[in-house]
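The values are calculated or read from the model by the stated rules, or taken from the named source; none is laboratory data. Treat the numbers as computed from the prediction; the structure is a model and nothing was measured. Cβ coordinates were reconstructed from backbone atoms using ideal geometry, including for glycine residues, and neighbour counts include every protein chain displayed. With ligands, DNA and RNA removed, areas are computed over all heavy atoms of the protein, side chains included. Shrake-Rupley method; radii C 1.70, N 1.55, O 1.52, S 1.80 Å.
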Amino acid sequence: MARTPLIAGNWKMHKTVGDALALVHALRREALPDGVEVAVCPPFTALPEVSRALEGSSIRLGAQNMHWEAQGAFTGEISPLMLADLGCHYVIVGHSERRQHFGETDAIVARKVRAVFAHDLVPIMCVGERLDERDSGRTDQVVSAQTEAGIAGMEPSQAERLVIAYEPVWAIGTGRSASGEEANRVCGLIRGVLSERFRSAAAAIRILYGGSVTPDNAAEFARQSEIDGALVGGASLDPQKFLRIIHAAIR
Ligand code: 13P
C-alpha cells in the first residue's frame, strides 16, 4: 500500500505569535512538492493566528497535546473541541517529554488517543525507548508495550487514520539520531504489532521517525520501507531546514 509521507514540525515550547507567523509565512512563500504531506504543530497560543495564516494552503495544523474531556473543570487544559474549533487536523499525543516531565502514562495516552478520534482529529501517537531501556536490551519490549497500550479500544476504521511516531528518547534534541536501518527495524516491529490487531488495515497506518532529524540525515530515513515521514523538532523551527527535510521525503 502506498502511504503518503508526512513531515510534521513539532515546535515544542518555541515561538511567540509573531515569530510563529514569520515561520509560517516563510514556508508559504515556497512551493511545496507533491506527494508529501506537511504539518506544523505550534504552541497553543499561536494556533488561532497560524490557522488563519494557513488558509488556502495544503499545510495542515496540529496541536502538541490536549485533555481527553471536551470541557469541564480542568484548569490550564485545552480540549479536543477547542482544537477542532481552531482548524487543527492533528494532535501529538504521548510525546516522551509529556511522559517524562508531566507523568503521562500509557493509560492516559490511550485515553487521549480515543478522545482525538472522537472529535474527528487525527492522533500522532509517540512511542520510544529511553537510553537505559535500550542499553538493557528492552527496546522492542518497551515500544511494543507502548504501541499496544495506545491502540487499546481503537476501531480498525479509526486505525487507518492513525499516525505513530517512533521517537527514541535518547535521540531527541541530542544531535544523535538512530541509524536509518535501526529506525526502520523498530518501525517494522511497530507495524507487526498493528498488523496483529488490525490485520490489513495496518498497512495504511503511517509510522514516522523522530529524533534529531536534519536536512542531512532526512533522506536516509525517507529511503526506509517502514518509515513514512518524520516528526521534526529543532530543525522545524528554521524554515529553510524544514523545507529541505520536506523535499528529502519525496519517494
Ligand atoms: P528533535 O528533532 O529536536 O530531536 O526533536 C524530536 C522531537 O521530539 C519531535 O517530536
Seminar exercise, completed: Just one listed residue, out of 177, 212, is hydroxyl-bearing (Ser, Thr, Tyr), part of a loop (DSSP other than H, G, I, E, B), open to solvent by less than 60 Å² (accessible area, probe 1.4 Å) and on the phi > 0 side of the Ramachandran plot, and it is 212
Seminar exercise, completed: Pairs returned, first residue in the range 19-45 that is outside any strand (DSSP E or B), second residue that is loosely packed, with under 13 Cβ neighbours inside 10 Å, beta-carbon separation under 7 angstrom, 6 or more apart or interchain, are 32/58; 33/250; 35/250; 35/251; 36/250; 43/13
Seminar exercise, completed: When restricted to 235, 230, 183, the only residue within 15 Å of the ligand (Cβ to nearest atom), assigned to a strand (DSSP E or B) and of a type in the set (A, V, I, L, M, F, W, C) is 230
Exercise. How about the range 1-17: which of its residues are open to solvent by 50 Å² or more (accessible area, probe 1.4 Å) and either part of a helix (DSSP H, G or I) or β-branched (Val, Ile, Thr) (or both)?
Worked result: 4, 16, 17
Exercise. How many residues does the range 199-211 contain that are in contact with a Pro (Cβ under 6 Å, 6 or more places away or on another chain) and closer than 19 Å to residue 126 by Cβ?
Worked result: 1
For this session: Please verify whether the range 68-91 includes one or more residues that are in contact with a Phe, Trp or Tyr (Cβ under 8 Å, 6 or more places away or on another chain), under 23 Å from residue 125 (Cβ atoms) and either more than 16 Å from the ligand (Cβ to nearest atom) or of a type in the set (D, E, K, R) (or both).
Result: yes
Problem set entry | Residue that is more than 15 Å from the ligand (Cβ to nearest atom), open to solvent by less than 30 Å² (accessible area, probe 1.4 Å) and of a type in the set (Phe, Trp, Tyr), where the choices are 221, 198, 242 | 198
